[in-house]
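Chemist: This is the structure I have questions about; it appears just below.
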Amino acid sequence: MAKNTICIWYDKDALEAARFYAATFPDSEVGEINHAPGDYPSGKEGDVLTVTFTVLGIPCLGLNGGPQFKHTEAFSFQVATDTQEETDRYWNAIVGNGGEESYCGWCRDRWGISWQITPRTLSEAMMAGGDEAKRAFAAMMEMGKIDVAAIDAARRG
């Protein structure tokens, strides 16, 4: 067991979410599935209570805690991509599986978890600072899914 694990609260679909992440992202897998040893406020004995999983090498624990808490953009996974093809693949998998598009490279999966699908060229432009960062930032502000070619063009001026 990892010393530090991200615990993500789900209404009731932690196992389904974990399986989706494992099928979508490399270095991801579903681990241990634990069933409730007794009834609890939002479930019954025998229901899946927790599932351990890894997303892009990050250890997580999905907890089926019920509908009390909703996800916000205050927590998100940020996925660095190298190409438009990779950006499209992850974005389309999340949005196409009942998720929704947002702005500036953000999208939300069907369970309400936010994802930032961020091409490295955008991050590199921000780190470069100055006019290059300003141009790339202005281009990004007009986008949903990030367009790598448009960011590269903005970087060049």
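The values are calculated or read from the model by the stated rules, or taken from the named source; none is laboratory data. Please read these numbers as outputs of a predicted model, since none were measured by experiment. All Cβ positions, even for glycine, are placed from backbone atoms using ideal geometry, and neighbour counts span all protein chains on display. SASA here: full protein model, heavy atoms, side chains in, ligands and nucleic acids out. Shrake-Rupley method; radii C 1.70, N 1.55, O 1.52, S 1.80 Å.
Chemist: Only Cα pairs under 8 Å and at least 6 apart count here; give the relative contact order of the chain as a rounded whole percent. Mind dumping the intermediate values first?
Modeler: Details: 307 pairs, mean separation 28.8, N = 157.
Taking the mean separation of contacting Cα pairs over the length of the chain, I get 18 percent.
Chemist: Which one, (1) 1.06; (2) 1.02; (3) 0.93, gives Rg/Rh (Cα atoms, Kirkwood Rh) as derived from the coordinates shown?
Modeler: After the calculation, the listed value that fits is (1).
Chemist: Apply the Karplus parameterisation 6.51 cos²θ - 1.76 cosθ + 1.60, with θ equal to phi minus 60°, to every residue of segment 39-46 and state each ³J(HN,Hα) to the nearest whole Hz, in sequence, with x for glycine and proline.
Modeler: So the Karplus estimates, Gly and Pro as x, are 5, 9, x, 10, x, 10, 3, x Hz.
Chemist: Could you tell me the accessible area of E32 in Å² (1.4 Å probe, neighbours in place), rounded to the nearest ten?
Modeler: 110 Å²
Chemist: Then there's this: What are the residues whose amide H is under 5 Å from the amide H of Q78, where those residues sit 5 or more places off or on another chain and H is modelled from the backbone?
Modeler: Amide H to amide H, under 5 Å and 5 or more residues apart or across chains, Q78 pairs with Q116.
Chemist: Where Rh denotes the Kirkwood radius from the mean inverse Cα pair distance, what is Rg over Rh for segment 70-157? Intermediate results must be reported in sequence, preceding the final value.
Modeler: Values: Rg = 12.9 Å, Rh = 13.0 Å.
Using Cα coordinates only, the ratio equals 0.99.
Chemist: Taking the Cα centre of the chain as origin, work out the dipole magnitude from +1 charges on Lys and Arg Cβ and -1 charges on Asp and Glu Cβ, in debye rounded to 20.
Modeler: Numbers: 14 positive and 23 negative charges, 57 e Å.
Charge dipole of the chain: 280 debye, to the nearest 20.
Chemist: Still on this model: Compute the long axis of helix 14-24 from its Cα atoms, compare it with the longest principal axis of the Cα atoms of the chain, and write down the angle in degrees, 0 to 90, nearest 10.
Modeler: Long axis of 14-24 versus the principal axis of the chain: about 40 degrees.
Chemist: Suppose only helical runs count, i.e. DSSP H with n ≥ 4. What mean residue ellipticity at 222 nm does that imply for the chain under -39500 (n - 2.57) per run, divided by all residues and rounded to the nearest 500 deg cm²/dmol? Mind dumping the intermediate values first?
Modeler: Details: 5 runs with 53 residues, N = 157.
For the chain, the value works out to -10000 deg cm²/dmol.
Chemist: In addition: Which FRET efficiency value, to the nearest 0.05, do you get for D13 and E85 by plugging their Cβ-Cβ distance into 1/(1 + (r/R0)^6) with R0 = 35 Å?
Modeler: Values: r = 29 Å, r/R0 = 0.82.
For R0 = 35 Å, the calculated efficiency reads 0.75.
Chemist: Okay, moving on. Gain in length, A36 to M127, computed as 0.36 nm per residue apart minus the alpha-carbon separation, to one decimal in nm?
Modeler: Numbers: separation 91, 0.36 × 91 = 32.76 nm, distance 4.64 nm.
Full-extension gain reported as 28.1 nm.
Chemist: At E100 and F69, where each label point lies 7 Å from the Cα along Cα→Cβ, what is the point-to-point distance in nanometres?
Modeler: 2.1 nm
Chemist: I'd like the distance between the alpha-carbon centres of segment 52-96 and segment 1-47, rounded to an integer number of Å.
Modeler: Using only Cα atoms, the two centres lie 14 Å from each other.
Chemist: Among F75, F25, F69, F20, what's the order by accessible area (1.4 angstrom probe), most exposed first? Don't skip to the end; give the middle numbers.
Modeler: Values: F75 75, F25 5, F69 130, F20 35 Å².
My answer, sorted largest first, is F69, F75, F20, F25.
Chemist: Something else about it: Label points 7 Å out from Cα along the Cβ direction at S76 and E142: separation in nm?
Modeler: Going from the S76 label point to the E142 one covers 2.0 nm.
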